[in-house]
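Note sheet for the following structure.
The values are calculated or read from the model by the stated rules, or taken from the named source; none is laboratory data. Since the structure is predicted, the reported quantities are computational estimates derived from the model, not experimental observations. Neighbour counts are summed over all protein chains in view; Cβ atoms, including those assigned to glycine, are modelled from backbone coordinates with ideal geometry.
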Amino acid sequence: MISDTDHKIFAAELDFPGKKLYPEINCLTCIGSCNGLLCILTDPKYLFLYNPSNKECKQILGFRFRYIILYGFGYVESVDDYKFVKIGKPGKFVKVYSLRKDSWTTRIQNELYLADEWITRGIHLNEAIYWLLKGQNVIAAFDLVEEKFTTLLLPDITLTENVSRYSLGCLNGSLCLTTRKRDHVNEFWIMQEYNGNESWTKTLIIDLFCVLRPLCTFLRPLCHLKNSKTMLWYKENGHLVCNPKDGKFNVIEVDGIGNDWFDVNVYVESLVSPNCKNESAIEGKGLDYWFR
């Protein structure tokens with residue numbers, strides 16, 4: 001747990017069971033976190049569902065990473081199922097893994113052109129997975145219930161030459177878009193409704209040249225800290241920073257990871273098992289660090 005007064009936190013190493021099955025595994029990437037289950041992609045390419053709270057782990061068989069463009073992991077509350085989605089070049093087929101069925105299905109998709117897109121991890125929200133398609137300036141939304149695509153428009157500002165970078169996230173149950181202008185100003189947009197680019201609301205503007213030294217060119221919002229309006233951010237060069245009520249940024253040192261680059265996912269503790277159907281109350285929130 002992190003508070004707005006912390007300047008240093010400690011990383012705890014997790015005993016990931018997949019390393020015992022495959023000793024050649026040398027790094028892990030957390031694709032997504034839902035109700036205590038982490039979807040983990042390893043190098044070499046194996047795919048697992050893992051709950052650090054009860055240490056239960058399940059390997060997803062039949063997984064192939066070759067030529068993947070888009071991928072993501074999410075929970076479908078209406079049918080109580082967890083699904084992993086992957087789309088490969090040239091983007092004609094969508095493969096969906098269902099934990100409830102413990103099997104893969106293949107869907108043909110004709111809604112999107114994906115040949116020029118980079119490999120992208122999706123954002124899970126409200127029984128759908130969202131990807132920012134930078135080559136088309138749209139957001140692709142894959143409905144995990146209907147297993148179909150729709151597209152959402154970006155705010156008009158992202159179409160201008162002054163914006164050099166943008167990324168998609170989730171904050172307080174809404175889609176969040178971060179844009180970086182060429183003058184190092186970051187703008188943060190929240191989508192309240194899903195019916196067009198007029199649904200985006202600009203909520204915050206930060207001039208990173210003025211507030212963070214050494215200069216950081218990009219911030220990604222993670223969450224609001226418990227019982228506080230303080231926001232926690234991920235700094236692109238591998239740090240956490242917190243933005244308390246006084247408007248200043250505090251860099252939080254993470255002890256136990258050396259100088260390695262790391263990524264961050266918000267994790268909610270639970271006793272959900274990847275190996276059986278299991279109803280469990282959510283116990284709390286924390287942060288999970290995974291190295292590439």
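Scanning for something touching a Ser or Thr at 6+ places or on another chain (Cβ under 8 Å) and within 18 Å of GLU269 (Cα to Cα), does segment 40-49 turn up at least one residue?
Taking every residue of segment 40-49 in turn, at least one turns out to be touching a Ser or Thr at 6+ places or on another chain (Cβ under 8 Å) and within 18 Å of GLU269 (Cα to Cα).
Among the residues of segment 127-142, are any modelled with pLDDT under 70, surrounded by 14 or more Cβ atoms within 10 Å (Cβ to Cβ) and touching a Ser or Thr at 6+ places or on another chain (Cβ under 9 Å)?
The answer is no; no qualifying residue exists.
The conditions are (1) at pLDDT 75 or above; (2) within 30 Å of ILE108 (Cα to Cα); (3) more than 22 Å from the chain's Cα centre (by Cα), and VAL185 fails exactly one of them. Which is it?
(2)
Can we say ASP80 is under 21 Å from the mean Cα position of the chain (by Cα) and acidic (Asp, Glu)?
Answer is yes for this residue.
So, LYS19, is that one part of a helix (DSSP H, G or I) and not hydroxyl-bearing (Ser, Thr, Tyr) or not?
Yes, satisfied.
Please indicate, with yes or no, whether at least one residue in segment 87-110 is among the β-branched types (Val, Ile, Thr), more than 20 Å from ALA128 (Cβ to Cβ) and part of a strand (DSSP E or B).
no
Among (1) assigned to a loop (DSSP other than H, G, I, E, B); (2) farther than 18 Å from VAL272 by Cβ; (3) touching a Leu at 6+ places or on another chain (Cβ under 8 Å); (4) touching a residue at least 40 places away in the same chain (Cβ under 8 Å), there is one condition PHE65 misses while meeting the rest; what is its number?
Condition (4) is where PHE65 drops out.
For THR106, state whether it is of a type in the set (S, T, N, Q), touching a residue at least 60 places away in the same chain (Cβ under 8 Å) and within 29 Å of ASN137 (Cβ to Cβ).
no
Quick test of your reading of the structure: THR151 fulfils all but one of (1) surrounded by fewer than 18 Cβ atoms within 10 Å (Cβ to Cβ); (2) within 30 Å of TYR113 (Cβ to Cβ); (3) modelled with pLDDT under 75. Name the failing condition by number.
The failed condition is (3).
Taking the condition of being in a loop (DSSP other than H, G, I, E, B), surrounded by 11 or more Cβ atoms within 10 Å (Cβ to Cβ) and out of contact with any Cys (no Cβ under 8 Å at 6 or more places or on another chain), how many residues in segment 7-16 meet it?
2
Quick one: in segment 111-122, of everything that is charged (D, E, K, R) and either in contact with a Cys (Cβ under 7 Å, 6 or more places away or on another chain) or closer than 11 Å to LEU132 by Cα (or both), which residue is modelled with the highest pLDDT?
Step by step, filter segment 111-122, then rank; the result is ARG121.
Just need a number here: residues in segment 154-182 that are part of a strand (DSSP E or B) and modelled with pLDDT under 70.
2
Check SER78 against each of (1) small (Gly, Ala, Ser); (2) part of a strand (DSSP E or B); (3) surrounded by fewer than 16 Cβ atoms within 10 Å (Cβ to Cβ) and name the one condition it does not meet.
(2)
Please pick out the residue among CYS27, CYS39 that is of a type outside the set (D, E, K, R) and surrounded by 21 or more Cβ atoms within 10 Å (Cβ to Cβ).
Result: CYS39 is the single residue among CYS27, CYS39 that is of a type outside the set (D, E, K, R) and surrounded by 21 or more Cβ atoms within 10 Å (Cβ to Cβ).
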